Structure formats: structure tokens, C-alpha cells
1. Residues in region 105-135 that are charged (D, E, K, R) and over 21 Å from Gly156 (Cβ atoms): how many?
2. Which pairs do you get when a residue that is of a type in the set (Asp, Glu), found in region 101-127, comes within reach of a residue that is open to solvent by 50 Å² or more (accessible area, probe 1.4 Å), reach meaning Cβ atoms under 6 angstrom, with the pair 6+ apart or on two chains?
3. Limited to region 93-116, what total is found for residues that are small (Gly, Ala, Ser) and in a strand (DSSP E or B)?
4. Residues to consider are Ala164, Ala183; find the one that is surrounded by fewer than 22 Cβ atoms within 10 Å (Cβ to Cβ), closer than 25 Å to Glu53 by Cβ and in contact with an Asp or Glu (Cβ under 6 Å, 6 or more places away or on another chain).
5. Would you please name the residue that is farthest from Asp36 (Cα to Cα), looking only at residues in region 130-158 that are surrounded by fewer than 14 Cβ atoms within 10 Å (Cβ to Cβ) and touching an Asp or Glu at 6+ places or on another chain (Cβ under 9 Å)?
6. Run down Arg176, Arg126 and say which single residue is more than 17 Å from Val65 (Cα to Cα) and not acidic (Asp, Glu).
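The values are calculated or read from the model by the stated rules, or taken from the named source; none is laboratory data. Note that the structure is predicted; figures quoted are calculated from it, not measured. Backbone-built Cβ (ideal geometry, glycine too); neighbour counts: all protein chains shown. Remember, those area values only see protein heavy atoms, side chains included, never the ligands or the DNA or RNA. Shrake-Rupley method; radii C 1.70, N 1.55, O 1.52, S 1.80 Å.
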Amino acid sequence: MPAGPAGALLAFLAAALLPLPALADGEILDIITDADTARLDAYEETRETAVAEAKAGGAPEAVAVFEEIVSRPALSFEGFDMTGDWQCRTVKAGGLAALVVYDWFRCRVGDDGSGWMLEKLSGSQRTKGRFFTDSDTRLTYLGAYFVAGDAPPPYGSGPETDQAGYAFRSGEERWRIEFPAPARESKLDILEFRRPQ
């Protein structure tokens, strides 16, 4: 790359054309609720308990799927374009049932100019929300739970609908969001994503 002003301009333009993964990390502090801050602060402990319960009490086939998902490495989001259509499925670990793996549904990620936004498009239980940069290998997701047919409430509407989780990239076409202490049924929800097959 050329040195001097021309090189600096080319570097700036190249950076500007990269996919914008999320809002600036400082902005989340003005948005996230105290309850969700507490949930995310307890993420590691909550996850450890849920994983142990799922492995101990889940059906062998479900445990095999679950172990494969939670053992995937956390890769960098740099250069990764999340936008577009995805297949997504929910895995519920710990709590009322030790482990439940649901079927695949449709999700979409768009970019409204302020960062990536997710919406689950099919299935009875939906989510809609936004991503914030936490680190090179982890994004924070703040969204809202709603039922198919209802309008999605805005984040911050209350503990029954507010959702908070961490997103991890695990491959070229795979990633997931882990929700500690969701409002319903389980101790850890995982929303897993893959490109349509």
C-alpha cells in the first residue's frame, strides 16, 4: 500500500467498506437494563450449571448435538458478514427439562446503518434485537421475546420480554447466541445459526 496521505486514505476507505458488526460498545451502557447486566455478569456460572444439567439429564442424541455446539471455538468476528438469511434453532439447557433441541426455523440479520439487527421469522417463539461489540470474539445481543402474530416490543419493556445474550462465531457459516437465565423454562438458551441448506 502506498505510504503517506494516499496510503492513509486507501487504508481508511478499505476499513470503511468492511461489514459493520455492531454498535460501538460504549453505547450499550445507556441501553442495557440492570437486570440484564446482572444476568450477563453471572453468565459463566449460569452456563456451567446449565451445561452440567443438560449433559447429566438429556437424551443421548440431544446431548451429542449439545456437546458439539458448546465445544466450538470462539472465532474473531473481524471480516465476518452476518447479514442475510439464516436457519436457526433453539436449544434449551437446564431447568424444567434437562435438554431440549428444537427444529430449524428462519432468521434474518440486516444492517440498518447503525449495526446488525436480528429477527426470528418463523416458529411460535420469536426474537428481535440488536448486536453490540463486546470483544473481537464476542458480541452482546439485546432483544425482545414475542409470540408469532404479536408486534415485537422494544427492548427495555420488562423482564418477561427483555433478552440478553452473548454471540459467538464458530465458523464461516455458523454462529450462536447464548442467553443466560432466560425468563422461561431453562437456565441457558442457545440460538444456533447456519446458512440455509
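1. The number of residues fulfilling the criteria is 3.
2. Partner pairs satisfying both residue conditions: Glu119/Arg108; Glu119/Lys128.
3. Of region 93-116, the ones small (Gly, Ala, Ser) are 93-95, 97-98, 110, 113-115.
Pick out the ones that are also in a strand (DSSP E or B) and you get 93, 110.
Qualifying residue count for the region: 2.
4. Working: Ala164 fails: surrounded by fewer than 22 Cβ atoms within 10 Å (Cβ to Cβ).
Among Ala164, Ala183, only Ala183 is surrounded by fewer than 22 Cβ atoms within 10 Å (Cβ to Cβ), closer than 25 Å to Glu53 by Cβ and in contact with an Asp or Glu (Cβ under 6 Å, 6 or more places away or on another chain).
5. Filtering region 130-158 down to residues surrounded by fewer than 14 Cβ atoms within 10 Å (Cβ to Cβ) leaves 135-136, 147-151, 154, 156, 158.
Still in the running and touching an Asp or Glu at 6+ places or on another chain (Cβ under 9 Å): 135-136, 156.
Values: Ser135: 18, Asp136: 21, Gly156: 10 Å.
Applying the filter and picking the extreme gives Asp136.
6. Values: Arg176 fails: more than 17 Å from Val65 (Cα to Cα).
Result of the check over Arg176, Arg126: Arg126.
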